[in-house]
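A quick write-up on the structure given underneath.
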Amino acid sequence: MIGAGPAGLMAAETLAAAGHRVTIAEAKPSPGRKVLMAGKSGLNLTKSEPAETFLGAYAEAADWLEPMLEAFGPEEVQGWARGLGQDVFTGSAGRVFPVAMKASPLLRAWLARLQGYGVTLHGRWRWQGWDGADCLFETPGGARRVSPHATVLAMGGASWARLGSDGAWAPLLAAAGAGLDPFAPANVGLRVDWSRHMEQHFGMPVKSVALLADGQVHRGEFVLSRRGLEGSGIYAVSRPAREGVPIWIDLLPDWSPAKLAERLARPRGKLSLSNYLRRALRLDPVKLALLREFGGPLPEGPALAALLKALPLRHAGPRPLDEAISVAGGVRQDAVDAQLMLKCRPGTFAAGEMLDWEAPTGGYLLTACLATGRWAGQGADAWLAQGGPG
């Protein structure tokens, strides 16, 4: 097992529970670093919603992931967490969290379970590729060579390198003949070259708005920062933004066009346009600043009403890959078989964010990592039962 994130730990659990001797090699000093970071603000384990809706979040990868998510989806994730002694609850919008609202208790219980199965975990073991059938590692004790009967690769994507997902494995797999798609940032902020007058609003949230992209409406807030726009609302549209699809902001999503037109038809008198909009529409200073930044010079009448409902979000592309919460790209579907075994390396399986799929935040990422880790572990177990490398 190479990688001690959620996919790797789940693959290890699956194989160890089946009676196999399992060793995990982790490049960082300790396991689960990205999970621990995600859990600082409440570990979103999964999403409680109809199966078709949940599966649809994975877009074109839905058909590929469907059997894995059917076998280990939201209900199974919740049952698994409870089995580790971590009660869960369903919060707003169906998001499921541990009652503890932290990742550390769950991770400790999980590692204790693996230890009980006899799993060995090595930290600071960085994978260097293969030499024939052997896996090569750089370790604190020098170079090591290991001859596994089966291997599950679960080294993450290429975001948050400081936590272990640096994508350094990609050239090694490409050299071995695995089909890869290039990495691209997902669930990431957008760069904006702000005018100087926007500086006073940095750090301020923009609430009660909707973002429109490619015919879809996404409700969610975001934050203005010196570097651009960040937050869940922006992450929801980071893929269309990355692909060059225009993004629009509805500053008043709860107002009908008729209500907006009626308010804007009221006499302005001697009020400045900013004060008029603040009084008539209750626009706060941040929304007013965005309106002027992306829509100025401001029109009046029907054109202003249209702008308030569809303000163009002008940006300079996504933030860098290492700042992304997750990534697109990685091992393509056609590079693995139905059990996630690499076609170019029999006995070697891939799982988690190494695979080429992407999904929004909200529990989808972690669920798919757990599901693919379990699926790869089961695949490795079946392959070994059929005779493995012999």
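The values are calculated or read from the model by the stated rules, or taken from the named source; none is laboratory data. If you're wondering where the values come from, they're calculated on a predicted model, not measured in any experiment. Cβ sites come from the backbone with ideal geometry, for glycine too, and all protein chains shown count toward neighbours.
Structural remarks
- Candidates in segment 178-201 are the residues that are part of a strand (DSSP E or B) and among the aliphatic types (A, V, I, L, M); of these, the one that is surrounded by the fewest Cβ atoms within 10 Å (Cβ to Cβ) is 180.
- Residues in segment 153-177 that are more than 23 Å from residue 235 (Cβ to Cβ) and among the small types (Gly, Ala, Ser) were compared, and the one that is surrounded by the most Cβ atoms within 10 Å (Cβ to Cβ) is 154.
- Test: residue 268 is over 29 Å from residue 185 (Cβ atoms), part of a helix (DSSP H, G or I), without any contact (Cβ under 8 Å) to a residue 12 or more places away in the chain and not β-branched (Val, Ile, Thr): no
Condition check ((1) out of contact with any strand residue (DSSP E or B) (no Cβ under 8 Å at 6 or more places or on another chain); (2) not in a loop (DSSP other than H, G, I, E, B); (3) not polar (S, T, N, Q)) across all residues:
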residue: 233; (1), (2), (3): no, yes, yes
residue: 254; (1), (2), (3): yes, no, yes
residue: 258; (1), (2), (3): yes, yes, yes
residue: 262; (1), (2), (3): yes, yes, yes
residue: 274; (1), (2), (3): yes, yes, no
residue: 279; (1), (2), (3): yes, yes, yes
residue: 283; (1), (2), (3): yes, no, yes
residue: 286; (1), (2), (3): no, yes, yes
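- Residue within segment 189-202 that is under 30 Å from residue 153 (Cα atoms), out of contact with any helix residue (DSSP H, G or I) (no Cβ under 8 Å at 6 or more places or on another chain) and modelled with pLDDT of 95 or more present: no
- Hits in segment 16-33 - residues which are within 15 Å of residue 111 (Cα to Cα), of a type in the set (A, V, I, L, M, F, W, C) and surrounded by fewer than 19 Cβ atoms within 10 Å (Cβ to Cβ): 17
- Test result for residue 145, modelled with pLDDT of 95 or more, basic (Lys, Arg), farther than 16 Å from residue 332 by Cβ and surrounded by fewer than 16 Cβ atoms within 10 Å (Cβ to Cβ): yes
- Number of positions in segment 202-231 that are charged (D, E, K, R), closer than 22 Å to residue 320 by Cβ and part of a strand (DSSP E or B): 1
- One residue from 262, 243 being within 19 Å of the chain's Cα centre (by Cα) and free of Cβ contacts under 8 Å to residues at least 40 places away in the same chain: 243
- Qualifying residue in segment 207-225 (condition: closer than 28 Å to residue 302 by Cα and among the basic types (Lys, Arg)): yes
- Matching residues in segment 60-118 - criterion: being among the hydroxyl-bearing types (Ser, Thr, Tyr) and either surrounded by 12 or more Cβ atoms within 10 Å (Cβ to Cβ) or touching a Leu at 6+ places or on another chain (Cβ under 7 Å) (or both): 90, 104, 117
- Only residues that are at pLDDT below 95 and either on the phi > 0 side of the Ramachandran plot or surrounded by 24 or more Cβ atoms within 10 Å (Cβ to Cβ) (or both) were counted across segment 364-390, and they come to 2.
- Within segment 75-103, tally of residues that are among the polar types (S, T, N, Q), in contact with a strand residue (DSSP E or B) (Cβ under 9 Å, 6 or more places away or on another chain) and part of a helix (DSSP H, G or I): 1
- Selected residue [at pLDDT 95 or above, part of a strand (DSSP E or B) and either outside the structural domain of residue 333 (by TED's automatic domain parsing) or among the aliphatic types (A, V, I, L, M) (or both)] from 106, 136, 114: 136
- Qualifying position, being modelled with pLDDT under 95 and either buried (at least 19 other Cβ atoms within 10 Å of the Cβ) or of a type outside the set (Phe, Trp, Tyr) (or both), among 323, 358: 323
- Residue tally, condition part of a loop (DSSP other than H, G, I, E, B) and surrounded by 16 or more Cβ atoms within 10 Å (Cβ to Cβ), over segment 119-133: 2
- Within segment 1-65, helices (runs of 4 or more DSSP H) holding 1 or more residues that are closer than 17 Å to residue 79 by Cα: 6-17, 51-56
- Residues satisfying the stated conditions in segment 139-169, i.e. outside any loop (DSSP other than H, G, I, E, B) and under 30 Å from residue 189 (Cβ atoms): 153, 161, 162, 163
- Inter-residue pairs, beta-carbon under 9 Å, first farther than 15 Å from residue 317 by Cβ and in segment 217-237, second in a strand (DSSP E or B) and small (Gly, Ala, Ser), 6+ apart: 217/210; 218/210; 219/210; 220/210; 233/210; 236/213
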